[in-house]
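The values are calculated or read from the model by the stated rules, or taken from the named source; none is laboratory data. Predicted, not measured: the structure shown is a model, and the values here were computed from it. With ideal geometry, Cβ positions are generated from the backbone for all residues, glycine too; neighbour counts draw on all protein chains shown. When the accessible area is computed, the model is the full protein with side chains, heavy atoms only, and any ligands, DNA or RNA have been set aside. Shrake-Rupley method; radii C 1.70, N 1.55, O 1.52, S 1.80 Å.
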Amino acid sequence: MDLSVVFLGTGGSVPTARRATACVLARVGGERLLFDCGEGSQRQMQRSTGLVQVDEIYVTHYHADHYLGLPGLLKTYDLQGRERPLRIVGPPGLTALFEALHRIVGRISYEIELLELDEGEAIRHDGYEVRCFRVEHQVRAHGYALVEDQRPGRFDPELAASLGVEPGPDFGRLQAGEVVPGGDGPVRPEQVMGEPRRGRKVVITGDTAPCEMTRVAAHEAELLVHDGSFADDELERASETGHSTARQAGELAREAGVKLLTLVHVSSRYDVRDVLVQAREAFSAAEAPRDFDLVEIPFVERGEPRLVENGARAAAPAET
């Protein structure tokens with residue numbers, strides 16, 4: 001299953017000419033999950049991936065820079081004749097938000113399912129789930145962990161053949177967990193399968209101060225997308241507003257044992273390169289993606305996650 005994360009909005013609360021507000025697109029096999037939908041998110045898609053028909057939208061919290069793009073995106077889908085349902089997920093308060101937005105959005109012809117999650121709950125998908133966890137911000141806010149299922153170990157066809165298993169359907173049955181006939185009796189899957197391989201994990205915090213729940217959720221994640229709003233000189237302000245410094249994000253990434261940290265929501269008052277230096281002093285595998293960068297996340301045994309600059313534009317899929 002292919003897994004990549006596209007950064008559509010990497011800026012702070014105020015959009016700039018180069019950075020839009022919060023929006024991250026996860027491409028998981030054939031599914032498309034949007035995390036937050038800041039102002040202009042549909043325009044960011046149009047400039048890179050195309051206007052993707054997302055399957056689900058996850059809102060981390062109800063500050064405007066994380067949801068102002070919803071009315072326009074939902075209405076555009078309607079004008080394009082979307083028919084399949086769209087699920088929108090968020091902390092408690094999502095229904096009330098949409099009651100307020102109804103006068104803007106108007107009537108929508110396709111079904112919208114609103115799902116309010118409490119921390120610890122998860123949404124199951126084929127081969128993975130999206131888990132919700134509480135983060136520390138000024139308001140009720142959630143982070144989300146996309147966690148892939150454990151995969152079976154590698155199948156050894158030469159060993160299976162040496163045990164008298166006929167190549168063909170019996171090989172497939174072994175890999176599916178069934179016992180099959182062999183030369184000297186039944187052959188069990190564990191005889192020809194390696195150790196199970198753990199699934200990949202992507203964690204997206206939204207706005208948050210550094211907190212234990214994030215550290216736990218991000219344990220050994222391939223990718224952690226974390227708030228990096230402030231530099232060291234604004235440590236007190238970060239604490240007061242429920243945000244993180246870049247260094248704090250780096251320290252948390254190191255403690256959690258993640259493979260790659262990406263900083264988002266960096267305040268426009270900073271040169272992002274200076275903030276990134278501070279994060280890397282705490283955790284060397286830190287990046288500060290620009291809008292339209294993407295991270296490719298191969299299977300664990302095939303390599304490390306990799307930041308591709310402007311990758312969302314260079315490898316835009318044909319879907320609309």
Query raised in the report: Say the dipole of the chain comes from +1 at the beta carbon of Lys and Arg and -1 at that of Asp and Glu; which of Cys37, Ala161, Thr245 then lies farthest toward its positive end?
Result: Cys37
Report task. Between Phe299 and Val179, take the C-beta separation as r, use R0 = 30 Å, and let me know the FRET efficiency to the nearest 0.05. Result -> 0.65
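I'd like the antiparallel share, as a percent to the nearest 5, of DSSP beta bridges with both residues in the chain.
Working: 38 of 61 bridges.
Here the share of antiparallel DSSP bridges comes out near 60 percent.
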Requested in this report: First compute the accessible area of the chain with a 1.4 Å probe, then give the percent of it belonging to carbon and sulfur atoms.
Outcome: 47
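Using 0.36 nm per residue of separation minus the Cα-Cα distance, give me the extension gain between Thr76 and Glu281 in nm, one decimal. List each step's numbers first, then the result.
Numbers: separation 205, 0.36 × 205 = 73.80 nm, distance 4.35 nm.
Length difference between fully extended and current span is 69.4 nm.
For region 106-165, how big is Rg over Rh, using alpha carbon atoms and the Kirkwood form of Rh?
Rg/Rh: 1.33.
Tell me the per residue accessible area of the chain using a 1.4 Å probe; a whole number in Å² is fine. Could you put the intermediate results ahead of the total?
On the way: 14530 Å² over 320 residues.
Using a 1.4 Å probe on heavy atoms only, each residue of the chain averages 45 Å².
Can you give the Rg to Rh ratio of the chain, both from alpha-carbon atoms, with Rh computed by the Kirkwood formula? Could you put the intermediate results ahead of the total?
Values: Rg = 21.7 Å, Rh = 20.8 Å.
Rounded to two decimals, Rg over Rh is 1.04.
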Requested in this report: Based on a Kirkwood Rh over C-alpha pairs, give the Stokes-Einstein translational diffusion coefficient of region 167-320 at 20 °C and viscosity 1.002 mPa s in µm²/s.
Outcome: 119
Report task. Sorted from largest down, give the three principal axis spans of the alpha carbons of region 126-219, whole angstrom values. Result -> 66, 20, 15
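Given 0.36 nm per residue, what is the gain on full extension from Glu116 to Met1 after removing their alpha carbon distance, in nm? List each step's numbers first, then the result.
Numbers: separation 115, 0.36 × 115 = 41.40 nm, distance 2.78 nm.
Length gained, Glu116 through Met1: 38.6 nm.
Please give the charge dipole size of the chain, origin at the Cα centre, charges +1 on K and R Cβ atoms and -1 on D and E Cβ atoms. Round to the nearest 20 debye. Please report the intermediate quantities before stating the final value.
On the way: 36 positive and 52 negative charges, 176 e Å.
The calculation lands at about 840 debye.
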Query raised in the report: Quick one: putting +1 on the C-beta of Lys and Arg, -1 on the C-beta of Asp and Glu, what dipole do you get for region 195-244 around its Cα centre, in Debye to the nearest 20?
Result: 500
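Which percent, nearest 5, of DSSP beta bridges in region 21-138 are antiparallel?
The antiparallel fraction comes to roughly 45 percent.
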Query raised in the report: Between Val216 and Asp232, what is the spin-label point distance in nm, taking each point 7 Å from the Cα along the Cα→C-beta axis?
Result: 3.1
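Highest mean first, what order results for 50-58, 116-124, 205-213 on Cβ atoms within 10 Å? Could the numbers behind the result be given before it?
On the way: 50-58: 19.0, 116-124: 13.8, 205-213: 22.7.
The packing order, highest mean first, is 205-213, 50-58, 116-124.
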